[in-house]
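Only the coordinates and a few stated rules stand behind these numbers; no lab work does. The structure presented is a predicted model; accordingly, all values stated were derived computationally and were not measured. Neighbour counts are summed over all protein chains in view; Cβ atoms, including those assigned to glycine, are modelled from backbone coordinates with ideal geometry.
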Amino acid sequence: MARKRPSPPSEECHVNLIPLGTVDSLAVSIVAANLQTVLGLNADALPPVGNPDFAFLPLRNQYSASKIIKMIESMNGTAKFKIGIVQCDICTPILKFVFGESQLGGQAAVISLHRLWHGDPSRTYLRAAKIGVHEAVHLLGIGHCRAPDCLMDGSLSTEKLDAIPLRFCRACQYEVSRRLKHAFGGEET
Ligand SMILES: [Zn+2]
Ligand SMILES: [Zn+2]
């Protein structure tokens, strides 16, 4: 009987977390811990790089998520996936703001803590964990989901973000497991 390996080998680093500018280090650690517990991915935080001034959009007084992602993609990482973390407000041409943005099925993503702060720090960090895991799943090539109570809901408000759980619906969980195995090996059954 073939043996199943539930998560990828533990030695390998799967995700580089890259702080751009000054970023709350506890938030970085908590995102890393949740990538491990929810997805079984080992995440290392790289030393912070400079502020993403290159992505500033003066007319919007925000930062371009796609420019930050391009920069992160160009960085030499040690892992298959690279996720930038910023404290500035990020946006896309069509959305007033985003909590995070990913290359669907690609290598690079960015998450922003800017709109996640709450008087209760545990809520702030739970929000950051949800966004980090959500964007990592986009890197696996999985899009948004309409099932109730699924982390892959395309939340655009903190109220919605607080309401969804840090887990997936059955269909997304199946797809996440399958694609993790495909992306990182694991033994075939
Ligand atoms: Zn999304
Ligand atoms: Zn789902």
Q: Output the DSSP H helices from the chain with an along-axis C-alpha extent of no less than 15 Å and a mean Kyte-Doolittle hydropathy no less than -0.5.
A: 25-39, 121-139
**Q.** Excluding exposed DSSP-loop trypsin sites (Lys or Arg not before Pro) (at most 10 other C-beta within 10 Å), longest clean stretch of the chain
**A.** 5-95
Q. Each residue of the stretch 16-21 in order: what ³J(HN,Hα) in whole Hz does its phi give by Karplus 6.51 cos²θ - 1.76 cosθ + 1.60, θ = phi - 60°, with x for Gly and Pro?
A. 9, 9, 10, x, 10, x
(Q) Take the residue pairs K130/K181; K70/K160; K80/K181; K67/K96; K80/K160; K96/K130 and return only those whose Cα atoms are more than 23 Å apart. (A) K70/K160; K80/K160
Q: Give me the distance in nm between label points sitting 7 Å out from Cα along the Cα-to-Cβ direction at L26 and K80, one decimal.
A: 3.3
**Q.** Rg and Dmax [Cα atoms of the stretch 47-104; Å; Rg one decimal, Dmax integer]
**A.** 11.4, 36
Q.
Where in the chain is the longest stretch that carries no GluC sites (Glu not before Pro) classed as loop by DSSP and with at most 16 other Cβ atoms within 10 Å?
A. 13-186
Q) With N residues in the chain, what two-decimal value do you get for its Cα radius of gyration over 2.2 N^0.38 Å? A) 0.99
